[in-house]
Amino acid sequence: MPRLQIITASTRPGRVGSTVAAWALDEARRHGAFDVEAIDLAEVALPFLDEPQEASTGHYVHQHTKDWSATISRGDACLFVMPMYNGTYSAPLKNAIDFLYDEWQDKPVGLFTYTAGPSGGLPAIEALRPILTRIGFRPAERSVRVPGIGELTGPDGFRAPAGLDGELAGVLDELAKLAADADASPAQV
Ligand SMILES: Cc1cc2nc3c(=O)[nH]c(=O)nc-3n(C[C@H](O)[C@H](O)[C@H](O)COP(=O)(O)O)c2cc1C
């Protein structure tokens, strides 16, 4: 079974990202197309990019980069569970992306955003998607967007609005298909 990595892209103390990601993890396990692995950027704890050479060279000098590379290399697809900060994607997520290059090539990726305000994070998705394509990811066309996150999270975790499970299932279906297409494509000669 392909491995889906659900990456929590907020790192600040008190974040709601971890409870939203926990919900997405349960749903992805229920969906059944993937072995699901949780990755928390707060635990990965990368510094700001400190590699002397560009990631595309594949020359990593720091152990944290080698560890991050090994983590992402074992995945077949990923889902970014990400807040929108000041109208765009979070800086920790972009930093974590910038550390690697080959590891992201042809990687199916889904985007799951949430916001305090009414947008649900669409501007962050629109900003990130072309960057992901340029790097070499294969982004799913569908996405999950949750507005009003403050009213949906609390001590009991994340109270998903009706229908959100179906929206996430749509993204996961797409990721499963993209991951299967990658397996089926002939080797380059
Ligand atoms: C730095 C920062 C910028 C934010 N910018 C926006 C924004 O542009 N639009 C919005 O609706 N909410 C914004 N918020 C509110 C967040 O959506 C809300 O705090 C959410 O819980 C953040 O996710 P997190 O708790 O996982 O960090 C912002 C929050 C922070 C901390």
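The values are calculated or read from the model by the stated rules, or taken from the named source; none is laboratory data. Please read these numbers as outputs of a predicted model, since none were measured by experiment. Here the Cβ is made from the backbone with ideal geometry for all residues, glycine too, and neighbour counts use every protein chain on show. These accessible areas exclude ligands, DNA and RNA; they are computed on the full protein's heavy atoms, side chains included. Shrake-Rupley method; radii C 1.70, N 1.55, O 1.52, S 1.80 Å.
For the chain, complete DSSP H runs whose alpha carbons reach 18 Å or more along their own long axis and whose mean Kyte-Doolittle score is 0.0 or higher are 122-135, 164-184.
Treating each Cα of region 9-52 as an identical point scatterer and summing with the Debye formula, the log10 of I(q)/I(0) at q = 0.27, 0.28 Å⁻¹ comes to -0.96, -1.00.
Local charge sum around Phe48 (other residues, Cβ-Cβ under 12 Å, Lys/Arg +1, Asp/Glu -1)? Once all neighbours under 12 Å are counted, the net charge is -2. Straight Cα distances below 24 angstrom link Lys66 to the lysines Lys94, Lys107, with same-chain residues fewer than 8 positions distant left out. Distances between placed amide hydrogens fall under 5 Å for Met84 paired with Tyr114, all partners being 5 or more residues away or on another chain.
Packing order of peptides 140-146, 63-69, 118-124, highest average first: 140-146, 118-124, 63-69 (average count of other Cβ atoms within 10 Å over each peptide's residues). Using a probe of 1.4 angstrom, how much of the accessible area of the chain is carbon and sulfur, in percent? Roughly 52 percent of what the probe reaches on the chain is carbon or sulfur.
Computed with a 1.4 Å probe over protein heavy atoms only, the accessible surface of the chain comes to 49 Å² per residue. For the chain, DSSP calls about 10 percent of its internal beta bridges antiparallel. Which residue, Leu79, Thr65, Thr115, has the largest displacement toward the positive end of the dipole of the chain when charges sit on each Cβ (Lys, Arg +1; Asp, Glu -1)? Checking the options against the dipole of the chain, the answer is Thr115.
Protection proxy ranking for 45-55, 86-96, using the average of other Cβ atoms within 10 Å per residue and placing the highest first: 86-96, 45-55.
Counting only residues at least eight positions apart within a chain, or on another chain, the aspartates and glutamates with an alpha carbon under 14 Å from that of Lys177 are Asp76, Asp106, Glu141. Summary of the geometry: region 122-148 and region 52-78, compared by the centres of their Cα atoms, lie 22 Å apart. Once you list every other residue whose beta carbon is under 14 Å from the beta carbon of Asp98, what net charge do they have if Lys and Arg are +1 and Asp and Glu are -1? Net charge in that neighbourhood comes out at -3. Dividing the radius of gyration of the alpha carbons in region 3-184 by their Kirkwood radius gives 0.94 for Rg/Rh.
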